[in-house]
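Below: the structure, in structure tokens.
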Amino acid sequence: MTPTDSAEPTLAAPRHTALRRLVEDPAAFAVRLPEEPRMRRAADDFSDLFDLGTIDELLTDRALRRPAFRVIRDGEQVPDTACLHRSLLYPDVADPHKISRLLAEGATLVFQGLQELTGPLAEFARRLAHDLGRPVNVNAYVTPAGSQGFGDHYDTQDSFIVQIHGSKRWTLNDPVVARPLSHESGRKVPAGVPGRTLTLAPGDCLWLPRGWVHSARSTDTASVHLTISLYEWTGHWAWTRIADRAADLPGRFPLSTDFFRDRSAAEKDMATLRAELIDWLTRADDSALVDLVRAAGAPEFPSPLRHPFRQALADGVDEDTEYTVNAHAVLGAEIRGDRLVLTLGARGLTVPATMAPILADLLSRDRFRPKDLTPPLDPAQRDHLLARLQSEGVLTPASGSRT
């Protein structure tokens, strides 16, 4: 960012519409993610996001393919031959009959990457990603009564556990690795250590920070729960992105040919590298580093859904057309000179900086009609702006609107 640039945080301010369904104080939670587990009883009714009917729909109507699902038995993934339908055009499609038999035998069905689909759950995931400023992944776990998919383990991502159906008894133990990074997964955890136990019922939400050792077993009823995981968003992650992208990064000298034979030669190389890194970091511009990391991270957020055919078939902008405002689509906003740049996941949108007050008003709404915009715009300018916002998925015609 140059000295003439400025951030416009109000244009991308989180509304916490998704986070408030999971935690009691979303604003405080988002400022500093808790490092210990937290339980919220009867947080909400989440059946609008996922229910038993969704399971049948995914298995029978969607023709799910690998890796959108897997089946786990005794902590191991079952072979493809046991759960795939190989007589179809695609050889990696879920076979509902085989999977049903596996569930009856105690296996756990896992739906993966549900945030990539459409519908209420995907929309919730997009809103939660905006609320917390980091991408999310959503899996669903279907476990028969009295069964367990995985033994004691820990994850390298912070997660929300949302109970949808039935109940599940969780056992939690202190981390064996403090705040583990993605490459620190799979460490051996102590076996048979008694821990804190709690049972999740439908509507309960458990915040499970990365590193906490856990296992879960369904009770006397089948269990369905969502695991909503936050992408690793750490200083380590940022550094790896900088190292991959910085144009003038040090360390370009060849290592000694005696690196593996002569420790003193190897230590000399490392001293040279360390000195170069210290010098580079001392001279590095923080704003330039921000740009590097943002450029790497923004594409990991889902871009707003576009509806090109709906727009192509529309009759144009009418003052009484009602639009839904997808404010969570705007990840960031900055004024750069005379332009306002909106970050929309992997995409960006640039408009005149003079549009900032109008966009601030628009993005503060859930719905609006063009005639309600303040301050009012010249009709040609207004129609052009709305067409661009609609083409990028920031606006969508409301259900039943005249468009």
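For this structure, a couple of remarks:
- Inter-label distance for Asp338 and Asp45, nm, one decimal - labels placed 7 Å from Cα along Cα-to-Cβ: 5.5 nm
- The aspartates and glutamates within cross-link reach of Lys268, meaning a Cα-to-Cα straight distance under 16 Å and a gap of 8 or more places when in the same chain, are Asp258, Glu276.
- Equivalent ellipsoid semi-axes - Cα gyration tensor, segment 308-397, angstrom: 19, 15, 12
- Couplings 3J(HN,Hα) of segment 248-260, computed from phi: 10, 5, x, x, 8, 6, x, 6, 4, 5, 9, 4, 8 Hz, in residue order, whole Hz [Karplus 6.51 cos²θ - 1.76 cosθ + 1.60, θ = phi - 60°; x for Gly and Pro].
- Computed over segment 33-230, Cα set: Rg, Dmax in Å: 16.5, 49
- Residue with peak Gaussian network fluctuation, the chain [Cα springs, cutoff 10 Å], from Tyr90, Tyr231, Tyr154: Tyr90
- A simple spin-label model places pseudo-atoms 7 Å from Cα toward Cβ; at Asp61 and Thr197 they are separated by 3.9 nm.
- Candidates Gln381, Gln77, Gln115: whichever shows maximal mean-square fluctuation once the chain is modelled as a Gaussian network with Cα springs under 10 Å: Gln381
- Karplus-based coupling profile of segment 11-16, in residue order and whole Hz: 5, 10, 4, x, 9, 6, with θ = phi - 60° in 6.51 cos²θ - 1.76 cosθ + 1.60 and x standing for Gly or Pro.
- Highest to lowest packing among 254-266, 22-34, scored as the average C-beta count within 10 Å: 22-34, 254-266
- Inter-part distance, segment 78-137 to segment 236-263, computed on C-alpha centroids, equals 39 Å.
- Shape call, the chain: gyration tensor on alpha carbons, a/c limit 1.5: oblate
- Backbone amide hydrogens, once placed in the peptide plane, bring Leu84 within less than 5 Å of Asp95, excluding anything fewer than 5 places away on its chain.
- Backbone HN-Hα couplings from phi across segment 20-33 [Karplus 6.51/-1.76/1.60, Hz, Gly and Pro as x]: 5, 6, 9, 10, 6, 10, x, 5, 5, 4, 5, 5, 9, 5
- Estimated FRET transfer efficiency when R0 is 35 angstrom, pair Ser287-Gln381 (beta carbons, to 0.05): 0.65
- Of Leu84, Leu331, Leu273, the residue with the greatest mean-square motion in the GNM of the chain, using alpha carbon springs below 10 Å, is Leu273.
- Close amide H partners of Arg339, meaning residues 5 or more places away or on another chain with modelled amide H under 5 Å apart, are Ala353.
Every number here is computed from the coordinates shown, using simple stated rules; none is lab data. All of these numbers come straight from a predicted model, not from anything done at the bench. A quick note on method: Cβ atoms are made from the backbone with ideal geometry, for glycine too, and the neighbour counts reach across all protein chains shown.
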